[in-house]
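Note sheet for the following structure.
Bear in mind these aren't lab numbers, they're just calculated from the coordinates by the rules spelled out. As the structure is a computational prediction, the values presented were derived from the model and not from experiment.
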Amino acid sequence: MRSGRTADYDREMTTSLAPVLAFRAATAADIPAVVALVESAYRGESGLRGWTTESNLLDGQRTDAQDVGEAIGRPDSLVLLAELDAALVSCCHLERQDGAAYFGMFAVDPSRQTGGIGKQVIAQAEQVARERWGVDRMRMTVIVQREELIAFYERRGYVRTGQSKPFPYGDARFGIPRRDDLRFEVLEKPLAEVTA
């Protein structure tokens, strides 16, 4: 009985300590800030401060202004921003594809990782996908070697589909691989209906 109370208390404390984020869709004016955030979370020295870095797998860029601009401008696509005290702390890309919402370009400021921001952004992204497009599942791809990241998503209800996609070797827009066995694993989560 006591362990149940402790778990409830821990859950309440985690919830009460989570920062209050403001969400909005990115515009063209946000492109430089989005690129800087994504690069800081995945590449270079700043990426090493967080746990999402891909520096051991890839060199080069993670995204660029053209890629972000296209994600903002395409129909059935949006870049969701999360701000804390008017400062950008997280982002993700959502796009309706094949009856599902694709979730990608997810980044949290490395200095703010492990504080619950990522969980809030994923939950908001799922809600936006349900409400905006009426989709019943979210899909993503993760580099298969990122076991700790896949485990994070599994704890959020995502499951491995058994499908994989090739890594775009030769396209420097996605980074310069440091190994020759990279590929993406497809994860998916059924989205519960929004309750009123």
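Quick rundown of the values:
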| item | result |
| --- | --- |
| Cα coordinate range in the stretch 151-191, projected on the principal axes (Å, largest first) | 34, 18, 17 |
| Sequence-distant residues sharing a close amide H with Asp59 (under 5 Å, placed H) | Ile176, Arg178 |
| Using θ = phi - 60° and Karplus 6.51 cos²θ - 1.76 cosθ + 1.60, couplings along the stretch 104-111 (whole Hz; Gly, Pro as x) | x, 6, 7, 9, 10, 3, x, 6 |
